[in-house]
Structure formats: C-alpha cells, structure tokens
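The structure appears below as structure tokens.
The values are calculated or read from the model by the stated rules, or taken from the named source; none is laboratory data. Keep in mind the model is a prediction, meaning the values are calculated, not measured. Using ideal geometry, Cβ is built from the backbone for each residue, glycine included, and neighbour counts are taken over all protein chains shown.
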Amino acid sequence: MTSFTAPVKVPLHLAIIMDGNSRWAETKGLLRDEGHRTGAKHVRTIAEACADEGVRYLSLFAFSTENWQRPRDEVDFLIQLIGETLDNELHELVKRETKVQFIGERSRFPSRIQKKMWECETETSNYDKLFLTIALNYGGRWDLTNATREIAQAVQQGYLQPDEIDESVIGSYLATRNLPAPDLCIRTGGDRRISNFLLWDFAYTEFYFADCFWPAFTTDELQGALREYAHRQRRFGGRRELNPNPTLVESN
Ligand code: IPE
Ligand code: IPE
Ligand code: MG
C-alpha cells in the first residue's frame, strides 16, 4: 500500500550564534585559546551536517563589533585563528561545493586576513550546495547604520526619493541583501539574547536556545533543534501558518 507523508519542514536559512567557547575550555581545565580553537574546528562538522539536513543558507556569528572590547591577547589570538581557519578549511569548502561570503566591516582586520577573505569568496563563488555566510566584525546596528548612510547618500545624489524608501529598499542596502530572512536561529552557550546579530532580518525568525557550549554542540542536538523547528507554527502576525508547503510526497 502506498502511504503519503508531508515533507519535513527544514529551515531554508539557519543562523547560529556560536557562543560558549571560553566556558567550554574552563570546564575542561583548558586555556581559553583552546576553546576558540576547538570551536573553530567544530564549524566544519556542523556546517556539513546542516548541508546534509537540507539547509541551503547557513549564517554563522563568529566575531561581533563588540568583541574588540576583549583583552588584547584574546583579540590577537582570534584574528590569528580566523586566518588559520580560512587557510585550513578552503579545500574542504571547495570539496563540499560551499559558496562563502563574509559580512561585517572587514577594513578593521589586518590586510593579510582581508586578502584571505577575498580569496575564499572568489574561489568558492561558483558553488551552490550550501551558501555559508560568516559574520566577522559584524553587528546588526553596524549594518543598519551603514545602510542608512548609503541610503542618505543616494537621496542626496538624486538616485532615490525619500518616499521610495520602503522595507525592500532598506533590505537591499544591508549586508544580508542576498539572503532570505533566517527561518531559525540557534544560540548555544545558554544565554537567551541576540547580542547584536541580524537585528533587521530576525523580525520573524524562530529561536532555539541550546544550553551546551558551542564546541559541545553535537549533530544530535542540531537535529533536535531542526525537529523542534519543524513543529513550530509560524504565523507572521496572521492567523494561520503561511507557506505551509502542502505538497505531499510519496514515501512507500
Ligand atoms: C564565543 O565564545 C566566541 C566569540 C564570541 C568570539 P566566547 O568566548 O564568547 O565564550 P563564552 O561565552 O565567554 O563562554
Ligand atoms: C555573541 O557572543 C557573539 C558571537 C558568538 C560572535 P558574545 O559572547 O560576544 O555575546 P555576549 O557578550 O554574551 O552577549
Ligand atoms: Mg560568549
């Protein structure tokens, strides 16, 4: 007999706030740097699992505009780690046909790191299995401030009329302009806050807070988050779930 089941709802765009590296290291009696190093290595495992689960867009918060306030030695280590990770992971990203882009104000990074970012974007620009966005020196307020400045310039130069500014125009000036709004955001590390990640884009995003620290966030826990998401009813301010994807697939 043929049975029919509705397809599982997978987030098209998943955002992750990868928090808890330092506390993970502390609980293991390790130095903080080891927490960051393990956290950076862990990105590959989770990114691959996301692609295998059918996520098309993955956005990772790796370094915020506020993270510069940390002690100098930690910031220096994180910058060095970003460079090493880009060097080590490029071949794997190419192998997995992952397209990479960086969002954030990159001019504050040393030029050798900026160069690695451009290389990584250029070398992966033709892939489309997974679209990986890495937020480095990114802040939602930075993004909105930048967009506002550019919109003001466009108005001043006569390319744009003030009454033409609507939500889609604002969205088109953001660093996330080429991404759909995130469907789900996972934050590891036990805190329940956005910490200045995708402020505009998160308007109707679902949230999943994991108590474990990022280096200990397993693929099982990822699958648990995706399962929970699949049961969330999203109403977007309306009465019923929009875009319920009523297609039935044959499963026998
Ligand atoms: C997240 O780990 C990585 C960055 C913010 C760069 P943390 O270093 O914030 O770890 P906790 O949250 O202090 O444990
Ligand atoms: C959020 O973590 C930023 C990143 C994961 C890059 P933080 O550790 O910086 O956030 P707060 O300070 O706990 O809000
Ligand atoms: Mg933290």
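Does residue 11 satisfy the condition of being buried (at least 20 other Cβ atoms within 10 Å of the Cβ), in contact (Cβ under 8 Å) with a residue 24 or more places away in the chain and part of a loop (DSSP other than H, G, I, E, B)?
yes
Considering every residue within segment 152-171, establish whether at least one is under 13 Å from the mean Cα position of the chain (by Cα) and outside any helix (DSSP H, G or I).
No, that holds for no residue.
With out of contact with any Lys or Arg (no Cβ under 7 Å at 6 or more places or on another chain), closer than 23 Å to residue 17 by Cα and modelled with pLDDT of 95 or more as the only criterion, which of 158, 83, 54 stands out?
Within the list 158, 83, 54, the selection yields 54.
Right, residue 189: within 16 Å of ligand 1 (Cβ to nearest atom) and modelled with pLDDT of 95 or more or not?
yes
Among the candidates 63, 131, 102, which residue alone is touching a strand residue (DSSP E or B) at 6+ places or on another chain (Cβ under 6 Å), touching a residue at least 12 places away in the same chain (Cβ under 8 Å), under 29 Å from residue 12 (Cα atoms) and within 16 Å of ligand 3 (Cβ to nearest atom)?
63
I'd like the full set of residues that are surrounded by 11 or more Cβ atoms within 10 Å (Cβ to Cβ) and at pLDDT below 95, limited to segment 206-241.
Across segment 206-241, the qualifying residue is only 241.
Just the residues that are more than 13 Å from ligand 2 (Cβ to nearest atom) and in contact (Cβ under 8 Å) with a residue 60 or more places away in the chain, please, taken from segment 26-40.
The answer is 27, 38.
For residue 198, only one of the following conditions fails: (1) surrounded by 11 or more Cβ atoms within 10 Å (Cβ to Cβ); (2) farther than 26 Å from residue 101 by Cβ. What is its number?
The failed condition is (2).
Answer with yes or no whether residue 15 is within 13 Å of ligand 2 (Cβ to nearest atom) and in contact with a Cys (Cβ under 9 Å, 6 or more places away or on another chain).
The answer is yes for residue 15.
If we keep just the residues of segment 182-219 that are within 16 Å of ligand 3 (Cβ to nearest atom), within 26 Å of residue 31 (Cα to Cα) and outside any loop (DSSP other than H, G, I, E, B), which is farthest from the chain's Cα centre (by Cα)?
216
Can we say residue 46 is within 12 Å of ligand 2 (Cβ to nearest atom), surrounded by 21 or more Cβ atoms within 10 Å (Cβ to Cβ) and of a type in the set (A, V, I, L, M)?
Against the criterion (within 12 Å of ligand 2 (Cβ to nearest atom), surrounded by 21 or more Cβ atoms within 10 Å (Cβ to Cβ) and of a type in the set (A, V, I, L, M)), residue 46 does not qualify.
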